[in-house]
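The values are calculated or read from the model by the stated rules, or taken from the named source; none is laboratory data. Values in this document were obtained by computation on a predicted structure and should not be read as measured data. Virtual Cβ from ideal backbone geometry, glycine too; neighbours counted across all protein chains shown. Quick note on the areas: whole protein, heavy atoms, side chains included, nothing else; ligands and nucleic acids left out. Shrake-Rupley method; radii C 1.70, N 1.55, O 1.52, S 1.80 Å.
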Amino acid sequence: MIAENYETIESVVLYVTLLGLFALMSFAVHDVLKKNEVPLIGRVVAYGVLGLGALGFVAKGIIELFWLSTGL
């Protein structure tokens, strides 16, 4: 295998792992919020922060793809 294949595999594994971690974090946050009977505004804020973190990783991936396609 050439180096480009290793980089592609590493990139895919990284993104799949991050997706899994965000899913596990959301399950943990949901469980904690449910057990402690947090009001709706608290749930919205908690899920909003978790969602913005995930959105940051998505934006990073899109920016990275854009830069690599333009040759920067």
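Which residue out of 17, 8 is among the polar types (S, T, N, Q) and within 13 Å of the chain's Cα centre (by Cα)?
On the way: 8 fails: within 13 Å of the chain's Cα centre (by Cα).
Unique residue meeting the criteria: 17.
Would you point out the residue of the range 34-56, among those that are basic (Lys, Arg) and open to solvent by 80 Å² or more (accessible area, probe 1.4 Å), that is nearest to residue 68 (Cα to Cα)?
34
State whether the residues of the range 57-67 include one that is part of a helix (DSSP H, G or I), more than 19 Å from the chain's Cα centre (by Cα) and either surrounded by 11 or more Cβ atoms within 10 Å (Cβ to Cβ) or at negative phi (or both).
Scanning the range 57-67, I find at least one residue that is part of a helix (DSSP H, G or I), more than 19 Å from the chain's Cα centre (by Cα) and either surrounded by 11 or more Cβ atoms within 10 Å (Cβ to Cβ) or at negative phi (or both), so the answer is yes.
Out of the range 7-47, which residues are over 17 Å from residue 60 (Cβ atoms), among the acidic types (Asp, Glu) and in a helix (DSSP H, G or I)?
Within the range 7-47, just 31 meets the criteria.
Anything in the range 9-33 that is without any contact (Cβ under 8 Å) to a residue 12 or more places away in the chain, surrounded by 11 or more Cβ atoms within 10 Å (Cβ to Cβ) and either among the β-branched types (Val, Ile, Thr) or touching a strand residue (DSSP E or B) at 6+ places or on another chain (Cβ under 9 Å) (or both)? List them, or say none.
Within the range 9-33, 9, 32 meet the criteria.
What are the residue pairs meeting all of these: first residue in the range 34-61, first residue over 15 Å from residue 23 (Cα atoms), second residue among the small types (Gly, Ala, Ser) and surrounded by 12 or more Cβ atoms within 10 Å (Cβ to Cβ), Cβ atoms under 8 Å, and 6 or more apart or on different chains?
What qualifies is 38/46.
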